[in-house]
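**Student:** I'd like to ask some things about the structure below.
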Amino acid sequence: MADFTYSAVNAHGQHISGTITAPTRDEAVKNLRDAGHKPLSVKEVKSGGLKKSFGGGKVKLKDLVIFTRELSTMISAGVPLPRALSTLASQMENPYFKKVITGVNKDVESGAPLADSMAKYPNVFSEVYVNMVRAGEAGGILDEIGKRLAAQVEKDATIRKKIHSAMAYPIVILTITIIAFFGIMLFILPKIGKIFTDLGGPNAKLPVYTRALLGVSNFLVGHSIMGAIPLLNKIPVIKVLPNAIFAIIILMILVINFRRYIKTEKGRYRWHMLLLRTPIIGNIMAKVAIARFSRTFSSLMGSGVSVLDALEVTGKAVGNSVIQRELVEISKQVKNGQPLGKELLGARFFPPIVGQMMMVGEETGKIDVVLVEVADFYEEEVDAVIDGMASIIEPVMIIVLGSFVGLIAASVMGPIASLSKNIGG
């Protein structure tokens, strides 16, 4: 997606200008014409502005929740959107967030949709957030979507906090284990290997697991980064650079390139597919996406939005490219006359209960009510999975660490005892 500034003449013959987000310039022109405007100038925003600044600021989830709730309340009270944004900007204590809201307000005053204005600041408003706002604008339920967004941001923060809490102990244990592993392999086992050679000779019979550990140790010692890339020795700065630091730099480069790749459409799709196929994590992601789909689709249907329009907008709000593409395919079948419940029933990433509940909703004319129950069910399921994961991870990590320590002890102490008996005999 890219941002385009435009000037146009609307249906009333008035000159308007603003910013619009679209995949290409042609698509931006098409969107303007579909809105009843006659484009005069459409130019892509190449760089600059608050959006492009690296590390320009940070917005806490608490501030985002407060902003969303207050904006929703003011819209419900009939306060015009520009005035509401202006008021919230003046009350905002976070200087960066204040600049962001002010920038959004300027675009809105110029005639741009709120969602497109927020999309210019992806470090503040996530893709899911922006698309849910777009859903609210499409259905004329921006106030209700605002309340749901605030609740969803809080829910996401709670889930993230639970995951971080559940992973804190395993990460500490895993880090210590990795450091201990490389420390033992690089500094202790080479000396122990020399002891084995001195005691039993070069042809000493050692257990398989001891030979395996010694082989790994010899490989790590003999294939350091500096040894693997001799040309680096000709660079004075690199020559004195510790291998560990150099490895960290390489890792950072790989991480940066990976983050860039998953921001592309193709990369994001593959990454989301990998996550969905990952045990536990994929289960949580799928349930969160289904809960978002159910709540957003329910709100749109309750506001009189057509099924096809609701599917299109909701697909962008689920936060997962794989499920979004599946909803696009479902939308095509619905357009050809197939019932939505039947299509969801055969969908790959939607459990059968979602399709069955949708069919019940279609038969009774209460899709919005039924889908709210589906959303509640899956949100409770997410909480249960995270709590269960937290209770399982700790003992598993203790077992893994204990096994590692036991393997090291058996690999070292067993051969020493055996060789000592041979010498004593």
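**Student:** What ranking do 250, 75 get, fewest neighbouring Cβ atoms within 10 angstrom at the top?
**Tutor:** Sorted ascending by nearby Cβ count, the order is 250, 75.
**Student:** How would 87, 314, 19 line up from fewest to most surrounding beta-carbon atoms within 10 angstrom?
**Tutor:** 87, 19, 314
**Student:** Beyond a 23 Å Cα-Cα separation, which of these cross-linked pairs lie in this structure: 99/263; 263/316; 155/287; 147/316; 30/120?
**Tutor:** Pairs exceeding the cut-off: 99/263.
**Student:** Then there's this: Once you keep just the Cα pairs under 8 angstrom separated by 6 or more residues, what percentage relative contact order results for the range 57-125?
**Tutor:** It comes to 29 percent, rounded to a whole number.
**Student:** Just grab the label-to-label distance for residue 400 and residue 34, each label 7 Å out from Cα along the Cβ direction, in nm (one decimal).
**Tutor:** Simple spin-label model gives 4.7 nm for this pair.
**Student:** Hey, another quick one. Determine the dipole magnitude for the range 238-381: charges of +1 sit on the beta-carbon of Lys and Arg, -1 on that of Asp and Glu, nothing else is charged, the reference point is the Cα centre, and the result goes in debye to the nearest 20.
**Tutor:** Computed about the Cα centre, the dipole is about 1060 debye.
**Student:** OK, next. Going by a ≥ b ≥ c, the root eigenvalues of the Cα gyration tensor, does the range 57-125 fall in the rounded group (a/c under 1.5), the prolate group (a/b larger than b/c) or the oblate group?
**Tutor:** oblate
**Student:** If you place +1 on the Cβ of every Lys and Arg, -1 on the Cβ of every Asp and Glu, and leave all else neutral, what size is the dipole of the range 57-125 about its Cα centre, to the nearest 20 Debye?
**Tutor:** Around 200 debye, computed over the range 57-125.
**Student:** Once the piece of chain linking residue 43 and residue 161 is laid out straight, how much longer is it, given 0.36 nm per residue of separation minus the C-alpha distance between them?
**Tutor:** Using 0.36 nm per residue and subtracting the Cα-Cα distance, I get 38.3 nm.
**Student:** Determine, for 313, 208, the number of other Cβ atoms within 10 Å of each Cβ, and report the residues in order from fewest to most.
**Tutor:** Starting with the residue having the fewest Cβ neighbours, the order is 208, 313.
**Student:** Also: Report the residues of the range 120-146 in range of a label on residue 91: point 7 Å along Cα→C-beta, backbone N strictly under 19 Å from it.
**Tutor:** Label zone hits: 142-146.
Laboratory data are not the source of any read-out in this text; all were calculated from the coordinates shown. These figures come from a predicted structure and were not determined experimentally. As a convention, Cβ positions derive from the backbone with ideal geometry for all residues, glycine included, and neighbour counts pool all protein chains shown.
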